[in-house]
Amino acid sequence: MAAVVTAPPIDIGIPAQQRQQIAEGLGRVLADSTVLYAKTHGFHWNVTGPMFNTLHLMFMAQYTELWNALDGIAERIRALGHVAPYGGNTYSGLSSIPETEGVPPALTMVRELVEGHEAVARTIRGVFKIADAADDQPTADLLTQRLQIHEKTAWMLRSLLEG
């Protein structure tokens with residue numbers, strides 16, 4: 001009979017309780033990012049008006065960037081030894097970004113996306129404190145990169161509303 005081989009406990013220099021706190025925080029970042037991805041993609045499909053082409057292309061670039069970021073966030077949760085959250089009900093419970101009812105006018109879409117990117121930035125900042133306290137450089141690096149993207153995207157979108 002073959003011996004059963006089991007995985008050793010995770011020993012990456014971060015205690016289990018801190019890994020759990022970080023993973024839970026990253027789960028909120030993942031939920032916010034997924035909800036924002038879906039909202040941005042929906043706005044891409046449904047935007048109308050004189051700025052159609054500009055916004056349609058801008059939203060496509062933004063939802064593509066968000067989509068590509070989801071794996072990195074989920075895989076960091078897995079590397080910390082936890083299950084990455086998934087599913088609409090789970091995300092709606094974890095996300096700080098509200099769903100949109102109906103199809104808003106183009107500039108309302110832009111405003112909602114500014115608010116969404118800023119919401120993700122706030123969520124990231126909260127998790128960053130936990131990762132930093134645990135001396136978790138890989139998570140801090142991931143969060144720093146995501147924070148830069150969300151702040152830059154919010155600024156670019158906000159620029160469409162000024163003036």
If I ask for residues that are under 17 Å from Asp32 (Cα atoms) and of a type in the set (Asp, Glu), which ones from the stretch 102-145 would you list? Glu112, Glu115, Glu118
Matching residues in the stretch 125-156 (in contact (Cβ under 8 Å) with a residue 60 or more places away in the chain and touching a His at 6+ places or on another chain (Cβ under 7 Å)) number 1
Looking for something free of Cβ contacts under 8 Å to residues at least 24 places away in the same chain and assigned to a loop (DSSP other than H, G, I, E, B) - is there at least one such residue anywhere in the stretch 34-46? no
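Residues that are more than 30 Å from Thr54 (Cα to Cα) and surrounded by 13 or more Cβ atoms within 10 Å (Cβ to Cβ): does the stretch 139-156 have at least one? Lay out the reasoning, then the answer.
Initially, the stretch 139-156 is screened for residues more than 30 Å from Thr54 (Cα to Cα), giving 139-141.
Now narrow it down to the ones that are surrounded by 13 or more Cβ atoms within 10 Å (Cβ to Cβ): 139-140.
Yes, because at least one residue in the stretch 139-156 is more than 30 Å from Thr54 (Cα to Cα) and surrounded by 13 or more Cβ atoms within 10 Å (Cβ to Cβ).
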Answer yes if at least one residue in the stretch 58-69 is under 26 Å from Asp11 (Cα atoms), without any contact (Cβ under 8 Å) to a residue 40 or more places away in the chain and assigned to a helix (DSSP H, G or I), and no otherwise. no
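Before we move on, is Phe52 under 16 Å from Glu112 (Cβ atoms) and either in contact (Cβ under 8 Å) with a residue 40 or more places away in the chain or among the polar types (S, T, N, Q) (or both)? Steps first, answer last, please.
Numbers: under 16 Å from Glu112 (Cβ atoms): no; either in contact (Cβ under 8 Å) with a residue 40 or more places away in the chain or among the polar types (S, T, N, Q) (or both): yes.
In short, no.
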What is the number of the single condition among (1) of a type in the set (S, T, N, Q); (2) free of Cβ contacts under 8 Å to residues at least 24 places away in the same chain; (3) in a helix (DSSP H, G or I) that Gln18 does not meet? (2)
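Just checking, does the stretch 1-11 include any residue being in contact (Cβ under 8 Å) with a residue 12 or more places away in the chain, more than 28 Å from Glu99 (Cα to Cα) and not polar (S, T, N, Q)? So that I can check it myself, show each step before the final result.
Going through the stretch 1-11, the residues in contact (Cβ under 8 Å) with a residue 12 or more places away in the chain turn out to be 10.
Then keep just the ones that are more than 28 Å from Glu99 (Cα to Cα); that gives 10.
From what is left, the residues that are not polar (S, T, N, Q) are 10.
Yes, the stretch 1-11 contains at least one residue that is in contact (Cβ under 8 Å) with a residue 12 or more places away in the chain, more than 28 Å from Glu99 (Cα to Cα) and not polar (S, T, N, Q).
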Taking only pairs six or more apart or across chains, which ones have beta-carbon atoms under 7 Å, a first residue in the stretch 96-120 that is within 26 Å of Leu142 (Cα to Cα), and a second residue that is in a loop (DSSP other than H, G, I, E, B) and of a type in the set (A, V, I, L, M, F, W, C)? Gly116/Ile97; Ala119/Ile97
Condition check for Val114: at pLDDT 95 or above, of a type outside the set (Gly, Ala, Ser), more than 13 Å from Ala23 (Cα to Cα) and over 18 Å from the mean Cα position of the chain (by Cα): no
Looking only at the stretch 26-85, which residues are over 16 Å from Leu147 (Cβ atoms), of a type in the set (D, E, K, R) and surrounded by 15 or more Cβ atoms within 10 Å (Cβ to Cβ)? Lys39
Taking Ala79, is it touching a Gly at 6+ places or on another chain (Cβ under 6 Å) and either among the small types (Gly, Ala, Ser) or on the phi < 0 side of the Ramachandran plot (or both)? no
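Does Asp132 satisfy being of a type in the set (Asp, Glu) and surrounded by fewer than 21 Cβ atoms within 10 Å (Cβ to Cβ)? Quick ask: steps written out before the conclusion?
On the way: of a type in the set (Asp, Glu): yes; surrounded by fewer than 21 Cβ atoms within 10 Å (Cβ to Cβ): yes.
It is true that Asp132 is of a type in the set (Asp, Glu) and surrounded by fewer than 21 Cβ atoms within 10 Å (Cβ to Cβ).
The values are calculated or read from the model by the stated rules, or taken from the named source; none is laboratory data. Owing to the predicted nature of the structure, the values given are computational and were not obtained by experimental measurement. Cβ sites come from the backbone with ideal geometry, for glycine too, and all protein chains shown count toward neighbours.
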